[in-house]
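Student: Sending over a structure as structure tokens; questions will come in a sec.
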Amino acid sequence: MSSLRHRPGFTVVELLVVVAVIVLLVGILVTVLSSSAKAAQATSTRALMGSISNSLVRFKTDIGYLPPVLGLAPGGGSMAGSPGYLRDLLIPQVLGGPDLPQQVGPQNYCSITSLVEYLVGPGGRDQDGYGAVGTPIANSLGSKEIPSVGIRAPLRDGAWGAYLTPVAPTQPLGTLAQRNLPQGASANSSTISNVSGRVLGPYLELKDATIFGAVVGVSATGAPIVARPGDNNYNETAPRCVVDYWGQPIRYYRRGYANADPKLTRGRGGAGAPGMGWDLGDVFALRPQRFAAGTETDGIADGNGDTTTSRGLQGAEFALFSMGPDRGVDFGVRIDAGGLNEDNIAEVGK
């Protein structure tokens, strides 16, 4: 009995050591689980981008060209909050001369809405849809497209006549409001009731609704605010985008083209030479952080004066881009001091 009464207990120091060990183990476990989750999300995002890349190739096989870039039309266009926001046609800027500007052209020539518009086609008959007239949508004009997804051939300009044959010439060319299905003599013939025909696509399967978001606004910094199905601010009529597994929109880049014809792709051209004057190797955020032997070459100098780019990007027809787990990017440079671009994910295709 006396041995039991006099057995020493834990000291305060020993208790503190035990607690510290437990906290350390929990921290290690949380770090490992977080790293595993990020790795799984990165793997899923790369797989998604691979599927989108294959869809773009199938689209080009059927239509003859890659989807054009939709965004904010220069000099006007659709306003934030409207169905046309980020869905107006962007004609690529032509750059020429031996010294190409850094912060124009390639850096801004991308879209977050083209992938849904051209690979899925959720719009109505007077936008990108091409289905039979069906059940009217509640509290809206017109009728619902049947089937609800799919596109009609986007015509030679790639924008359903919005660039070559605008409905209202006083509006900026290429806006969503000018998309016109050429059915009949009326300038607004896209609204007639007998629009129907063969549906193309969808090229991107709708197996996981969480990969589709709606652009419901814009932040103070100009970044798009994206909501997914189930979110309180989700709006089914807002412009759609494909999101990565961190909930951020995947950006679509494509090589520039000439004469408003998306089939006429152009690469770099010197002073007086034909060409856009740039290629996807000149998009700083797409440039790799590290290069395998024999893949490195030169392009336009970024904000740090770095011209390093890859031959694969220079020969690419399109690219897909995710900001990665940190959901951040510095579009002005290849390598940034804060490391935002270290986890960028790019998928390149031809």
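Student: What distance in nm separates the simple spin-label points at Trp246 and Asp261, each placed 7 Å from Cα in the Cβ direction?
Tutor: Between Trp246 and Asp261, the simple spin-label model gives 4.1 nm.
Student: While we're on this one: So how do 223-233, 151-161, 328-338 stack up, highest first, on mean other-Cβ count within 10 Å?
Tutor: Ranked from most to least packed, the peptides come out as 151-161, 328-338, 223-233.
Student: Let me ask another. Can you list the residues of segment 305-338 with backbone N under 15 Å from a point 7 Å past the Cα of Thr295, pointing along Cα to Cβ?
Tutor: 308-316, 320
Student: Something else: When ranked by the protection proxy of mean other Cβ atoms within 10 Å per residue, highest first, what sequence do the peptides 203-216, 57-70, 248-261 form?
Tutor: The most tightly packed comes first, giving 248-261, 57-70, 203-216.
Student: Please give the length that would be gained between Ala209 and Ala37 if that part of the chain were fully extended, namely 0.36 nm times their separation in residues minus their C-alpha to C-alpha distance (nm, one decimal).
Tutor: Contour length minus Cα-Cα distance gives 59.9 nm.
Student: Continuing with the same structure: Per-residue counts of other Cβ atoms within 10 Å, averaged by peptide: what ranking do you get for 314-320, 11-17, 84-90, highest first?
Tutor: 84-90, 314-320, 11-17
Read-outs throughout are calculated quantities, based only on the coordinates presented, and are distinct from any laboratory measurement. These numbers were taken from a predicted model, which means no experiment stands behind them. Using ideal geometry, Cβ is built from the backbone for each residue, glycine included, and neighbour counts are taken over all protein chains shown.
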